[in-house]
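The values are calculated or read from the model by the stated rules, or taken from the named source; none is laboratory data. Values in this document were obtained by computation on a predicted structure and should not be read as measured data. Glycine also receives a Cβ, built like all others from the backbone with ideal geometry; neighbour counts cover every protein chain displayed.
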Amino acid sequence: MKLYEKGVFLVDGEKIVENPQEAGLTQDPKEAKKATIAYRILDEHNTSDNMEKLQIRFDKLTSHDITYVGIIQTARASGLERFPMPYVLTNCHNSLCAVGGTINEDDHMFGLSCAKRYGGIYVPPHQAVIHQYAREMLSGGGRMILGSDSHTRYGALGTMAMGEGGPELVKQLLGRTYDIDMPEVVAIYLKGSPRPGIGPQDIALAIIGEVFEKGFVKNKIMEFVGPGVENLSVDFRIGVDVMTTETTCLSSIWQTDEAVKDYYDIHGRVEEYKELSPGSVAYYDGCVEMDLDEIRPMIAMPFHPSNVYTIEELKKNLMDILDDVEKRAAVSLGDSVKYSLKDKVRDGKLYVDQGIIAGCAGGGFENICDAADILRGKYIGSDEFTLSVYPASTPIYMELIQNGTAATLLETGAILKTAFCGPCFGAGDTPGNNGFSIRHSTRNFPNREGSKLQSGQIASVALMDARSIAATAANKGYLTGADEIDVSYGKPVYHFDGRIYANRVFDSKGVADENEEIVFGPNIKDWPAMSALPENLILKVVSEIHDPVTTTDELIPSGETSSYRSNPYALAEFTLSRKDPAYVGRAKEVQLAQKAIEEDRCPGEALEEIHEVMSAIHTKFENVKRSNIGIGSTIFATKPGDGSAREQAASCQKVLGGWANLAREYATKRYRSNLINWGMLPFIVPKNDADDNLPFANGDYLFLPGIDEAIASGKTEFEAYVVKDGGLEEIALAMDPLTDTEKEIILKGCLINYYKG
């Protein structure tokens with residue numbers, strides 16, 4: 001694999017040109033950028049007259065049952081009357097009712113009633129995972145889809161899709177736009193063909209391992225081009241595409257061909273096909289050149305999809321790599337639990353406890369059929385190892401039954417389950433304590449598989465392709481690459497049965513019924529009232545996290561907490577519970593002072609230490625008083641926001657009185673957007689010395705005078721002080737530029753306030 005950090009030209013979709021003069025090219029790079037697939041799609045959806053400052057209107061929206069309640073509640077509070085575009089509400093996350101009693105099904109009934117009232121589409125539980133339904137029923141060539149799940153990626157079908165926090169969908173529902181600067185576009189140039197046994201997860205992990213830490217495609221669009229594309233089936237392309245989220249790119253798009261047209265034809269929507277390819281001379285801001293022939297079975301070891309090795313390399317250097325994994329884990333887990341993988345080594349081989357093939361990444365038809373071919377005539381054994389397979393949709397499940405693949409798998413001792421995202425976020429197939437699971441799913445963050453660090457539990461996940469998981473299962477749990485197995489792949493033809501959805505999915509056809517009553521379960525609560533940004537702001541640092549990256553799972557855990565996502569207050573109790581269990585209590589203490597101000601009481605009566613803070617502030621700012629201050633909490637994390645698009649990673653902090661984040665950088669655009677949409681200031685703390693020391697510590701108070709004026713005027717550097725020894729010490733705080741709309745949202749206190757006016 002080769003990275004071109006400087007821009008390149010792609011000529012006739014085949015030839016990469018670094019030096020245009022030597023190749024005789026005279027095209028201006030700025031003009032040649034317009035020949036990319038990405039540029040043309042963005043241009044067609046941009047409502048502004050400036051392609052450098054995009055204002056995008058999407059064609060369709062999609063959400064699942066962890067996110068749609070909060071989105072619709074926010075939109076209702078902001079004046080929603082009907083869905084102005086197709087909006088699909090899927091139910092693939094809170095499909096089980098093991099936590100919270102009736103909560104999950106109450107949320108589903110809320111979703112169904114909203115689809116009827118506002119004119120949406122409702123996909124009942126177990127019918128399909130969100131992204132498979134979107135591929136089968138929503139995608140379209142040249143279209144754009146916005147989803148409230150980070151893995152909203154349908155680029156392989158010619159659809160540019162983006163995963164964002166819920167407030168960005170609210171904006172679309174209320175007729176507003178998705179405002180971003182024109183992103184850079186990076187070519188992912190594929191050549192060659194995958195070897196037998198190599199699957200989409202192998203290709204995806206190889207790319208992630210190469211680009212993630214370098215930030216090579218961060219907040220950029222990945223455009224898959226080159227002669228190697230046609231050597232991949234559409235199912236294969238989809239499996240690679242969905243994992244582009246783990247590179248931290250903004251979106252993805254692929255060139256399309258007759259194979260994609262056949263996909264749409266199979267699904268009864270051939271009219272949605274559109275041929276997409278770069279122009280004869282297209283300019284890209286960077287390039288990843290990948291020879292598919294060179295890829296071997298891969299494994300992403302805990303605790304990140306970028307911690308990538310070939311399975312062969314892992315086997316050759318087993319103890320050294322396991323030692324490195326344990327050392328990395330210690331940085332994140334600390335002394336809270338004892339974590340080891342070396343005890344999984346038996347007679348020099350790595351034994352795993354569990355295999356999972358599931359969800360939007362692993363649950364595709366070809367992945368499961370190839371896995372069945374590897375396992376045919378074998379069995380997984382009766383020891384600790386288990387194997388679960390989750391087809392991504394009921395139509396896929398039906399075809400697996402009809403072509404005999406389901407029977408082949410069940411004969412081996414594997415279990416087939418319904419379409420459910422649980423194994424990806426910790427609500428299904430949680431391993432035992434100290435368990436080690438190999439999964440064809442999307443993420444392997446700490447506790448992502450369902451263990452609870454706060455309860456002394458730890459388990460871990462390695463990401464692998466379905467084929468190597470099947471090879472490991474055939475070897476009864478001993479790690480095995482698919483290239484170590486001699487197998488003939490049958491490659492059966494897929495037949496889609498659309499009657500399954502036609503008979504069960506509610507589709508309003510865009511017709512709203514204002515007489516439909518919305519069904520509210522007792523857990524569904526409105527968002528609390530939120531104050532506007534004050535003239536002067538006092539912040540208390542109530543948590544400090546120095547991990548290299550902090551995921552949204554660590555900011556607000558997934559798994560059993562998901563049932564409470566329709567209740568802002570109940571969910572907020574789990575904030576940072578895996579990283580800093582004391583956070584919630586500290587934040588609530590500070591929030592009492594702000595509530596006192598809102599009730600026109602002295603904040604020092606609610607939080608005594610405020611008296612000393614105000615005395616220190618008055619040494620330099622005599623006019624600061626109760627009527628012109630706000631008091632809130634903040635956290636520091638080195639690089640927060642990797643992972644899920646879930647808005648609750650920000651909104652839970654806001655519910656607890658949070659008013660800002662402090663970071664060296666933000667891992668993703670979507671997390672920073674979530675902060676802004678909840679009225680929280682996304683500060684950057686510039687590095688100021690070789691030791692990377694912070695100018696404040698957990699428990700310190702910060703003071704920002706004139707913060708409202710600074711935001712309104714578009715400042716990117718801020719006057720800020722840390723309260724120390726009865727006085728103020730000036731510190732540096734910065735912020736990347738805000739759009740005019742973002743400024744207004746922060747000044748008003750949150751997106752809901754912004755729409756209320």
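Taking region 610-650 only, how many residues are free of Cβ contacts under 8 Å to residues at least 12 places away in the same chain and farther than 21 Å from Gly679 by Cβ? Looking only at that region, the number is 6.
Asp507 meets all of the listed conditions (1) over 26 Å from Ile208 (Cβ atoms); (2) in the same structural domain as Asn434 (by TED's automatic domain parsing) but one, namely (2). In the set (1) aromatic (Phe, Trp, Tyr); (2) in contact with a strand residue (DSSP E or B) (Cβ under 8 Å, 6 or more places away or on another chain); (3) not in a loop (DSSP other than H, G, I, E, B), the condition left unmet by Phe216 is number (3). Please specify each residue of region 19-51 satisfying the condition of being of a type in the set (Val, Ile, Thr), surrounded by 13 or more Cβ atoms within 10 Å (Cβ to Cβ) and assigned to a loop (DSSP other than H, G, I, E, B). Selection gives Thr36 alone. Being surrounded by fewer than 18 Cβ atoms within 10 Å (Cβ to Cβ) and part of a loop (DSSP other than H, G, I, E, B) is the filter here, so list the residues in region 307-322 that pass it. Selection gives Asn317 alone. What are the residues in region 532-563 that are within 25 Å of Ala582 (Cβ to Cβ) and of a type in the set (S, T, N, Q), if any? Scanning region 532-563 gives Ser543, Thr550, Thr551, Thr552, Ser558, Thr561, Ser562, Ser563. Reported count of residues in region 180-197, each being in contact with a helix residue (DSSP H, G or I) (Cβ under 7 Å, 6 or more places away or on another chain) and closer than 19 Å to His440 by Cβ, is 3.
Scanning region 348-372 for residues that are more than 27 Å from the chain's Cα centre (by Cα), crowded, with 19+ Cβ neighbours inside 10 Å and not aliphatic (A, V, I, L, M) gives Tyr351, Cys369, Asp370. Return the pair list, or none, for Cβ contacts closer than 7 Å from residues in region 502-517 that are touching a residue at least 24 places away in the same chain (Cβ under 8 Å) to residues that are part of a loop (DSSP other than H, G, I, E, B) and of a type in the set (A, V, I, L, M), at least 6 apart or on different chains. From residues that are touching a residue at least 24 places away in the same chain (Cβ under 8 Å), there are no pairs.
Restricting region 640-663 to residues that are modelled with pLDDT under 95 and among the charged types (D, E, K, R) leaves a set whose member that is surrounded by the most Cβ atoms within 10 Å (Cβ to Cβ) is Glu647. Annotation note: of Glu275, Glu289, Glu271, the sole residue that is surrounded by fewer than 21 Cβ atoms within 10 Å (Cβ to Cβ) and in contact with a strand residue (DSSP E or B) (Cβ under 8 Å, 6 or more places away or on another chain) is Glu289.
With a requirement of 2 or more residues that are small (Gly, Ala, Ser) and within 19 Å of Ile538 (Cα to Cα), the helices (runs of 4 or more DSSP H) lying completely within region 695-757 that satisfy it span 707-712. For Thr408, the criteria (1) crowded, with 24+ Cβ neighbours inside 10 Å; (2) over 23 Å from the mean Cα position of the chain (by Cα) hold in every case but one, which is (1). Restricted to region 479-598, the set of helices (runs of 4 or more DSSP H) holding at least 2 residues that are out of contact with any Leu (no Cβ under 7 Å at 6 or more places or on another chain) and crowded, with 23+ Cβ neighbours inside 10 Å comprises 552-555. Which of the residues spanning region 438-459 are outside any loop (DSSP other than H, G, I, E, B) and surrounded by 24 or more Cβ atoms within 10 Å (Cβ to Cβ)? Once the filter is applied, which keeps residues that are outside any loop (DSSP other than H, G, I, E, B) and surrounded by 24 or more Cβ atoms within 10 Å (Cβ to Cβ), region 438-459 yields Ile438, Arg439, His440. Filter region 599-634 for residues that are surrounded by 15 or more Cβ atoms within 10 Å (Cβ to Cβ), farther than 27 Å from Cys652 by Cα and either at pLDDT 95 or above or not assigned by TED's automatic domain parsing to the domain that holds Gly658 (or both) and give the result. Within region 599-634, Met614, Ala616, Ile617, Phe621 qualify. What do you reckon, is Val325 in the same structural domain as Glu18 (by TED's automatic domain parsing), out of contact with any Cys (no Cβ under 7 Å at 6 or more places or on another chain), part of a helix (DSSP H, G or I) and of a type in the set (A, V, I, L, M, F, W, C)? So Val325 fails the test. When each of Val129, Val123, Val88 is tested for being of a type outside the set (S, T, N, Q) and under 18 Å from the mean Cα position of the chain (by Cα), the lone residue that passes is Val129.
Taking Thr74 as the residue in question, decide whether it is more than 28 Å from Gly268 (Cα to Cα) and in contact with a Gly (Cβ under 7 Å, 6 or more places away or on another chain). So Thr74 fits the description; yes. Residues in region 19-66 that are of a type in the set (Lys, Arg) and either farther than 30 Å from Pro125 by Cβ or at pLDDT below 95 (or both): Lys30, Lys33, Lys34, Arg40, Lys53, Arg57. Scanning region 460-478 for residues that are buried (at least 19 other Cβ atoms within 10 Å of the Cβ) and among the hydroxyl-bearing types (Ser, Thr, Tyr) returns Ser460, Ser468, Thr472. Residues in region 533-574 that are hydroxyl-bearing (Ser, Thr, Tyr) and farther than 26 Å from Asp429 by Cβ: Ser543, Tyr569. Tell me which residues, restricted to region 328-347, are among the polar types (S, T, N, Q) and surrounded by fewer than 22 Cβ atoms within 10 Å (Cβ to Cβ). Result: Ser336, Ser340. Scanning region 725-757 for residues that are out of contact with any Leu (no Cβ under 9 Å at 6 or more places or on another chain), basic (Lys, Arg) and surrounded by 15 or more Cβ atoms within 10 Å (Cβ to Cβ) yields one hit, Lys743. Selection of region 622-650 for residues being out of contact with any strand residue (DSSP E or B) (no Cβ under 9 Å at 6 or more places or on another chain) and outside any loop (DSSP other than H, G, I, E, B) yields Arg626, Ser627, Gln648. Looking across region 464-478 at every residue that is more than 29 Å from the chain's Cα centre (by Cα) and assigned to a loop (DSSP other than H, G, I, E, B), the one that is nearest to Ser437 (Cα to Cα) is identified as Gly477.
Listed here are the helices (runs of 4 or more DSSP H) enclosed by region 350-414 that have at least 3 residues being closer than 18 Å to Thr480 by Cα and at pLDDT 95 or above: 365-375. The residues listed here are Ile253, Ile266; of these, the one that is aliphatic (A, V, I, L, M), under 25 Å from the mean Cα position of the chain (by Cα) and at pLDDT 95 or above is Ile253.
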